[in-house]
Every structure is written in structure tokens, then in C-alpha cells.
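One structure is given below, encoded as C-alpha cells.
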Amino acid sequence: MHPSPKTGVAFLLSQVGARSAQQFARLLEPLKLSPADAGILRLLRQSPGISQQQLAETLGMHASRLVAILDALESRKLIARTPNPDDRRLYSLRLTPRGTDTLAEIGKIAQTHNELMSSGLKPSEAEQLAALLQKIAAAQGLTPKVHPGYKDLKPPARTRKANKSAQPNR
């Protein structure tokens with residue numbers, strides 16, 4: 001059993017994680033993207049041609065929730081859905097040239113965000129902290145480079161409103 005520090009590790013992780021998420025969301029506002037959008041674009045760069053079902057599985061979210069997010073990204077011409085040549089029931093997802101350009105902007109924002117979040121540390125301390133956090137993430141069974149928040153993600157507000165207005169009054 002480890003001695004308990006004055007402030008628990010779990011609380012500090014939660015506090016810094018919440019601050020980090022808030023800050024990243026604010027930094028993405030000029031692009032009119034959410035952190036979830038940014039993560040999906042990044043995954044599509046890493047896995048071009050992935051199916052919607054495979055992406056939902058990777059993110060740990062229900063495929064029907066993912067559809068609304070993909071619809072929004074497709075309407076902004078950041079991604080393209082094409083029929084899968086091996087299985088007509090599936091769509092393959094790819095970044096468009098505009099999506100690739102947007103992802104480059106997200107990369108600059110992510111670098112700024114990383115610098116802001118580690119501003120109180122020496123480079124060697126930041127590396128050490130990253131290694132320790134990766135160790136904790138692995139012990140918690142987290143999928144590398146996938147935020148666990150996708151599981152709880154709600155459809156975009158405009159989609160929820162459209163679905164509510166389509167429902168009959170009770």
C-alpha cells in the first residue's frame with residue numbers, strides 16, 4: 001500500500017484532465033470543432049478507409065451516435081464516405097483534402113495545448129510525466145490514443161433538436 005499524498009493522485013489527475021479538456025475545447029473553437037471531432041479526424045488519418053462500424057468499435061461508442069458526428073463532418077467536407085468495395089453494406093471513411101488541411105491546423109493547436117499544459121515542467125519532467133501517465137493508462141486498460149469519453153458522447157445538439165421535433169407530441 002502506498003502512503004497517501006496530501007492531495008490524492010486520482011483527484012489531481014481528474015483536476016488536470018478536466019482543465020486540459022476545457023482548454024483544448026477552447027483552443028478548437030476558432031475551427032468550430034470539438035475535441036471529439038479532432039480525435040475522429042486524427043483516427044481517420046491513421047486508418048484511411050476504416051468503416052463506420054470499425055471506427056465506432058475503436059472509439060468504444062455506439063455506431064448510431066457516431067453517425068450524427070460523421071454527418072456533421074461530412075457536411076463540412078472534412079470527411080468522405082464511400083461504398084466499401086469489399087462489402088456494399090459498409091461505408092469507408094477518408095479525410096478529404098480540406099479535412100487533411102484542418103487536421104494540420106489541429107496539430108498546431110495540439111502542440112500549443114501540450115506546451116501550455118506542461119509549461120510548469122522542464123522537458124525531462126514532461127517526458128517523465130508522460131511515461132508515468134502511460135503506465136497508469138495501461139494499468140486502467142485504456143486504449144492508447146483513444147479518449148474514453150467517446151462512450152458517453154451525446155449526438156450534436158442540432159441532431160437532438162431535429163430528432164425531438166420529429167417525435168409526435170404525447
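The values are calculated or read from the model by the stated rules, or taken from the named source; none is laboratory data. Since we're looking at a predicted model, the values are computed, not measured. Positions of Cβ are generated from backbone atoms using ideal geometry, with glycine treated the same way; all protein chains shown enter the neighbour counts. Please note that ligands, DNA and RNA were not included when accessible areas were found on the heavy atoms of the full protein model with its side chains. Shrake-Rupley method; radii C 1.70, N 1.55, O 1.52, S 1.80 Å.
A convex hull fitted to the Cα coordinates of the range 21-73 yields 85 cubic angstrom per residue. Summed over the residues of the chain and divided among them, the accessible surface reaches 72 Å² per residue at a probe radius of 1.4 Å.
Sorting 133-142, 73-82, 15-24 by average packing, meaning the other beta carbons within 10 Å per residue, from highest down gives 73-82, 15-24, 133-142.
Among the helices of the chain, those built from whole DSSP H runs whose Cα atoms reach 15 Å or more along their own axis and whose mean Kyte-Doolittle hydropathy is at least -0.5 are 9-28, 35-46, 63-75, 123-139.
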